[in-house]
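The next block holds one structure in the form of structure tokens; read it before the comments.
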Amino acid sequence: MRPSTITRKGTIRKRAPEKKIIIVHNLDDSYSLSDHSAGLLHDEIAMPNLVCSSPRLENVSFNSKAYIPKAPLSPSLPFGPKAKARIIPCKDLSDTAHNVEMDVLDNYNVWSDIGKGSYAVVKLATHKQTMMKCAIKIYSKKSLENPTLKKNVMREIKILKKIDHNNIVKFYEEISGVNNLYIVMEYVKGISLNNHLVAKSTKKLTETETCDIFKQVAEALAYCHEKNITHRDIKMENVQLDLNFNVKLIDFGFATCFSNDKKTLIFCGSPTYMAPEIINHQASSGPPVDVWAAGILLFVLVTGDFPFKGNTEKRVFDKVKKGSYKVPDDLSRPCCDLIRSILDPNPITRITAKDILIHPWILNGGNIDLHSSPSKGDYIDVFDEDCN
Ligand SMILES: Nc1ncnc2c1ncn2[C@@H]1O[C@H](COP(=O)(O)OP(=O)(O)OP(=O)(O)O)[C@@H](O)[C@H]1O
């Protein structure tokens, strides 16, 4: 339960006098405040039990130390060096669902929340000896009484341990407490791909910008698939960008190992990214499901919109099953061609992550080939073209 709330105007309801709130004004760039606030609060101000707020913050989440916005702030809000903080009293804020057990985490200083998923809270921490920053993903043991979640989390750890790739978040260690299970991993200082896009005034990226990011996603996937690992939850929110726009794939909570000769019936992932074979409850070997989801991501990056949309999950699924989507007029032909190869309803003929890396659009860095005319808004009816 939130002990106090921030209204849309940034005022605090239900204040109590003892604790502190930091009101942060003048935010500096287009990154989400969450990263900067975590850094600012704990590197520069380092006070316990603070709440960060701004009159212009609209979308914030709550934890014992800071209010962290879920969505990026308006690019016009200055932050960082120009940030100004005002401390005002607030009520006790220490009541969170994932109280960390400092005795089991005695090698770390644990700071504010940097993210919240459906099942876990992720906190920023510093390794006391090395002073290295890391992210600690915290699952409450109570939630792990759910056997499916427990199995997924155990698999997440097992898979993260097998992975060592520049574009995938690195696993450091797992720590088991009485109340929580902690996964300590590399801290990706930056922003989620989703927030990066939302912060853009155009709500989309250029083809070159997209290619730079998408290529790294494909590299991470090609690596995983080579190791027989499927992520199964590729989406914008699970692609983290560091401050140099290096991609780090996160959240292996749905990931699994597959064998080439064994297909599985899976129904997981996020609805707008689900491949037709999942929606149709067909057995799949795994990797093509990631490739499809990456195709949705590519489409969103270059167009600012989802290819298959609907007010309800069912409507989205119906559109995926029908398989028709429209690409905007201004996309280059090579880009269109790649989207088409990825959003192939047939998982067997769908392009692989490895082959994405040698697609001409990727090799050309997403630069539009001057000799190739724009796609003129091809209407791609994938089922008609590819399935008959
Ligand atoms: N290593 C990291 N570095 C920085 N931020 C991170 C890191 N890992 C996770 N986060 C942040 O925490 C959020 C939640 O993490 P994650 O997606 O792993 O949790 P989850 O409970 O598995 O989520 P979901 O609801 O998608 O299953 C992410 O969206 C991201 O903003």
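The values are calculated or read from the model by the stated rules, or taken from the named source; none is laboratory data. What you are looking at is a predicted structure, and each value in this text was computed from that prediction instead of being measured. As a convention, Cβ positions derive from the backbone with ideal geometry for all residues, glycine included, and neighbour counts pool all protein chains shown. For the accessible areas, the whole protein counts, side chains as well, though only heavy atoms, and no ligand, DNA or RNA atoms are used. Shrake-Rupley method; radii C 1.70, N 1.55, O 1.52, S 1.80 Å.
Out of the residues in the range 235-244 that are touching a helix residue (DSSP H, G or I) at 6+ places or on another chain (Cβ under 7 Å) and open to solvent by 10 Å² or more (accessible area, probe 1.4 Å), state the one that is nearest to the ligand (Cβ to nearest atom). I'd like the intermediate steps shown before the answer.
Step one: filter the range 235-244 for residues touching a helix residue (DSSP H, G or I) at 6+ places or on another chain (Cβ under 7 Å), giving 235-237, 239, 241.
Subset that is open to solvent by 10 Å² or more (accessible area, probe 1.4 Å): 235, 237.
Working: Lys235: 8, Glu237: 5 Å.
Once the filter is applied, the top-ranked residue is Glu237.
Residues are listed down the side, and each one gets a yes or a no for (1) out of contact with any Phe, Trp or Tyr (no Cβ under 9 Å at 6 or more places or on another chain); (2) within 29 Å of Cys257 (Cα to Cα):
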site	(1), (2)
Ile278	no, yes
Ala293	no, yes
Thr303	yes, no
Pro307	no, yes
Gly323	no, yes
Asp337	no, no
Leu343	no, yes
Asn346	yes, yes
Asn364	yes, no
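Residues in the range 164-191 that are open to solvent by 20 Å² or more (accessible area, probe 1.4 Å) and either assigned to a loop (DSSP other than H, G, I, E, B) or modelled with pLDDT under 95 (or both): how many?
Total meeting the criteria: 8.
Hey, can you tell me all the residues within the range 192-230 that are open to solvent by 60 Å² or more (accessible area, probe 1.4 Å) and either within 14 Å of the ligand (Cβ to nearest atom) or among the small types (Gly, Ala, Ser) (or both)?
Result: Val198, Ser201.
Among the residues of the range 287-315, write down those that are open to solvent by 10 Å² or more (accessible area, probe 1.4 Å) and outside any helix (DSSP H, G or I).
Gly304, Asp305, Phe306, Pro307, Lys309, Gly310, Asn311, Thr312
Hey, could you check the range 146-156 for residues that are within 12 Å of the ligand (Cβ to nearest atom) and aliphatic (A, V, I, L, M) and say which is modelled with the highest pLDDT?
So the residue we want is Val153.
Going through the range 324-343 one residue at a time, which ones are among the acidic types (Asp, Glu) and assigned to a loop (DSSP other than H, G, I, E, B)?
First, pick out the residues of the range 324-343 that are among the acidic types (Asp, Glu): 329-330, 337.
Across the range 324-343, the qualifying residues are Asp329, Asp330.
Yes/no matrix, rows are residues, columns are (1) within 25 Å of Thr230 (Cα to Cα); (2) at pLDDT 95 or above:
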residue	(1), (2)
Leu301	yes, yes
Glu313	yes, no
Phe317	yes, no
Ser324	no, no
Val327	no, no
Lys354	yes, yes
Trp361	yes, yes
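Within the range 327-351, can you find the residues that are over 19 Å from Ala222 (Cα atoms) and among the hydroxyl-bearing types (Ser, Thr, Tyr)?
Ser332
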